[in-house]
């Protein structure tokens, strides 16, 4: 019987600690907003990536793209190719 009471108390304490963590994360994250950033506009021939992206934007107006890469090595290779082809700036999200 004492074991059930101890387990119940531990679970209640864990639930309370979890709620406190979620509350404090939301409270502090609200204050952590930085300066809004914007993306550079795509020029037709400014860089290699601009040329590739402008063609894709003309073929698919109003759409954006997303590629999910399942392997770490593929992701690293894609980031490396983008960094080498960037020409103006890098805006990567990991």
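Quick notes on this structure:
- Cα-based helix-to-principal-axis angle, 72-85 vs the chain, degrees rounded to 10: 40
- Which label in (1) -0.83, -1.19; (2) -0.54, -1.31; (3) -0.68, -1.12 gives the computed log10 I(q)/I(0) by the Debye sum over Cα atoms at q = 0.15, 0.23 Å⁻¹: (1)
- Angle in degrees between helix 48-59 and the longest Cα principal axis of the chain, rounded to the nearest 10: 90
- Taking the longest Cα principal axis of the chain as reference, the axis of helix 2-31 is set at about 40 degrees.
- Label-to-label distance for residue 85 and residue 6 is 6.1 nm, based on points extended 7 Å past Cα in the beta-carbon direction.
- Spin-label model, residue 23 to residue 47: label points 7 Å out along the Cα-to-beta-carbon direction sit 4.6 nm apart.
- Helix-only [θ]222 nm of the chain, DSSP H runs n ≥ 4, -39500 (n - 2.57) each, per residue, nearest 500: -20500 deg cm²/dmol
- Sorted by Cβ neighbour density within 10 Å, fewest at the top, the residues 35, 5, 42: 35, 5, 42
Quick note: the coordinates plus some simple rules give every number you see, no bench work behind them. In this text the structure is predicted, and so the values were computed from the model without any measurement. Glycine gets a Cβ as well: all are built from the backbone with ideal geometry, and neighbour counts include every protein chain shown.
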